[in-house]
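The values are calculated or read from the model by the stated rules, or taken from the named source; none is laboratory data. Remember, predicted model here, so these are calculated numbers, not experimental data. In this analysis, Cβ positions are derived from the backbone assuming ideal geometry, glycine residues included, and neighbour counts consider all displayed protein chains. To get the accessible areas, we keep the full protein, side chains included, count just its heavy atoms, and leave off ligands, DNA and RNA. Shrake-Rupley method; radii C 1.70, N 1.55, O 1.52, S 1.80 Å.
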Amino acid sequence: MSTIQTRAAVLRAMGAARPYADSRPLAIETITLDPPGAGEVRVAIKAAGLCHSDLSVINGDRPRPMPMALGHEAAGVVEAVGPGVDDLSPGDHVVMVFMPSCGHCQPCAGGRPALCEPGAAANGRGELLGGGTRLHGPEGDLHHHLGCSAFADRAVVSRRSLVKVPADLPFEHAALFGCAVLTGVGAVVNTAQVRAGQSVAVVGLGGVGLASVLGALASGASPVVAVDLSEDKLALARSLGPVLTVNAADADAVEQVRNLTGGGADVVLEMAGSVR
Ligand SMILES: [Zn+2]
Ligand SMILES: [Zn+2]
C-alpha cells in the first residue's frame, strides 16, 4: 500500500485570539497519510462530533504537541487494514475511541482499559499506540489527536482505537459513542455503578450529561433528575424518558433536587465543570 492524500482540519498553534470566527485556528489542509502499519487500520470518516476536548486543545487549556490534526469522536468505514489485523475487514463500520487500549498493561489487564498506560502516553505524545505519526504536511509531520485525528476524510489509527459496530447504526449516532456516550454512560455504569431503584441527579446537560441521563435510565435508576441552566436542554432531557428537571438558576434548585429525591440523590453526577 502507498501513501494517500486526505483533507484534515489542522491546528498549528494553540491559544488563538477570540472570536475564532476571525482568528480561524483550524485550517483545512491536504495532508499525506501513510498506509496502515502493523496493527493499524485506515478508516473513511463518515461522521464526527465536536467535543469540548477539541476546544481545550484549541484554547490551550489542555496543551498538546503542535501541529495536530484534531478530532476524536467519529465513526466510519474500514478501507484498509495493516499486517496483523485479522478481525476487521474493509467495509466494516467502526467507532473511534479516544483512548487506545493495549490490552496487556496493568490497568488493561485489570479491566480498566480507559486507563491504559501506553495508550495515555501515546496520546500525550500525539502519536499512535504503535509509536510515531502517520500524518505529514508540506512542512513536516503532524501529530494525532487522541489517536484519532478524525476531522478528516480519512484517518489511520490503531486497531486498539476502534470498536466494530452494526452497519445499520447511523454514523451520526455511532460517532457519539466514541466520546460523549462512552464518558457519560461509563460514569453511570462503571464509576458510580448505579443500581436499579437508586436516585440519580445529573448536573449539566451537554453531550456527556445527556448520555449520563440515558445511562441512568438504562440502569433502572428512579427518579432521574436532570439539572441545567438551559430550558431547551431540560426539555430535551425530558424527551429521553421519565426524567424530572430542575433549572439551576432557581434560587431553591438544591432544595428542589432534595425534594424530588426524597432527601437527596443516591448518586450525583457533575457534568457541567462550572460553578454557576
Ligand atoms: Zn471528547
Ligand atoms: Zn493498556
Original post:
For region 219-276, what is the relative contact order in percent, using Cα pairs closer than 8 Å and at least 6 residues apart in sequence?
Top reply: 28 percent
**OP:** Answer with one residue from 227, 11, 113: the one whose Cα lies farthest towards the positive end of the charge dipole of the chain, charges on Cβ with Lys, Arg +1 and Asp, Glu -1.
**Re:** 113
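Given Cβ point charges of +1 (Lys, Arg) and -1 (Asp, Glu) and nothing else, what value in debye, to the nearest 20, does the dipole of the chain about its Cα centre take?
Numbers: 20 positive and 26 negative charges, 51 e Å.
Computed charge dipole of the chain: roughly 240 debye.
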**OP:** Go ahead and set up a Gaussian network model of the chain, Cα springs under 10 Å, then flag whichever of 29, 139, 79 fluctuates most.
**Re:** 139
**OP:** Let me see the pair-distance distribution of region 182-270: every alpha carbon pair, 10 Å bin width, integer percents in order.
**Re:** 20, 57, 22, 0
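Identify the trypsin sites (Lys or Arg not before Pro) of region 101-202 meeting these criteria: DSSP loop state and at most 13 other C-beta atoms within 10 Å of the C-beta. Working shown, then result.
Details: sites: 125, 134, 154, 159, 160, 164, 195; in loops: 134, 195.
Taking region 101-202 and a limit of 13 other Cβ atoms within 10 Å, the loop trypsin sites (Lys or Arg not before Pro) found are 195.
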Original post:
For the chain, what % of the accessible area comes from carbon and sulfur atoms, probe 1.4 Å?
Top reply: 54 percent
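Normalising by the residue count of the chain, find the relative contact order in percent from Cα pairs under 8 Å and 6+ residues apart.
RCO, the chain: 17 percent.
In percent, how large is the relative contact order of region 182-270, given Cα pairs closer than 8 Å and 6 or more residues apart? List each step's numbers first, then the result.
Details: 170 pairs, mean separation 28.7, N = 89.
Reported relative contact order: 32 percent.
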Original post:
Got a sec to turn the phi values of region 11-27 into Karplus ³J(HN,Hα) couplings, 6.51 cos²θ - 1.76 cosθ + 1.60 with θ = phi - 60°, whole Hz, x for Gly and Pro?
Top reply: 9, 9, 8, 7, x, 4, 5, 8, x, 5, 4, 8, 7, 6, x, 9, 10
Original post:
Say we join alpha carbon atoms closer than 10 Å with springs in a Gaussian network model of the chain; which of 137, 49, 184 then has the biggest fluctuation?
Top reply: 137
**OP:** Could you tell me, in Å, what Rg and Dmax come out for the Cα atoms of region 96-204?
**Re:** 16.1, 57
Original post:
Got a sec to turn the phi values of region 113-128 into Karplus ³J(HN,Hα) couplings, 6.51 cos²θ - 1.76 cosθ + 1.60 with θ = phi - 60°, whole Hz, x for Gly and Pro?
Top reply: x, 5, 9, 3, 6, x, x, 5, 5, 5, 4, x, 7, x, 10, 6
Subject >> Max mean-square fluctuation residue, GNM over the chain, Cα-Cα springs under 10 Å, options 131, 186, 110 >> reply: 110
Subject >> Rg in Å to one decimal, and Dmax rounded to a whole Å, for the chain via C-alpha atoms >> reply: 20.1, 63
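Place a +1 charge on the Cβ of each Lys and Arg in region 182-270 and a -1 charge on the Cβ of each Asp and Glu, then give the dipole magnitude about the Cα centre in debye, rounded to the nearest 20. The partial results should precede the final answer.
Details: 4 positive and 8 negative charges, 68 e Å.
So the dipole magnitude of region 182-270 works out to roughly 320 debye.
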**OP:** Collect residues whose amide H, placed 1.01 Å from N in the peptide plane, falls under 5 Å from the amide H of residue 226; neighbours closer than 5 in sequence don't count.
**Re:** 202, 244, 245, 246
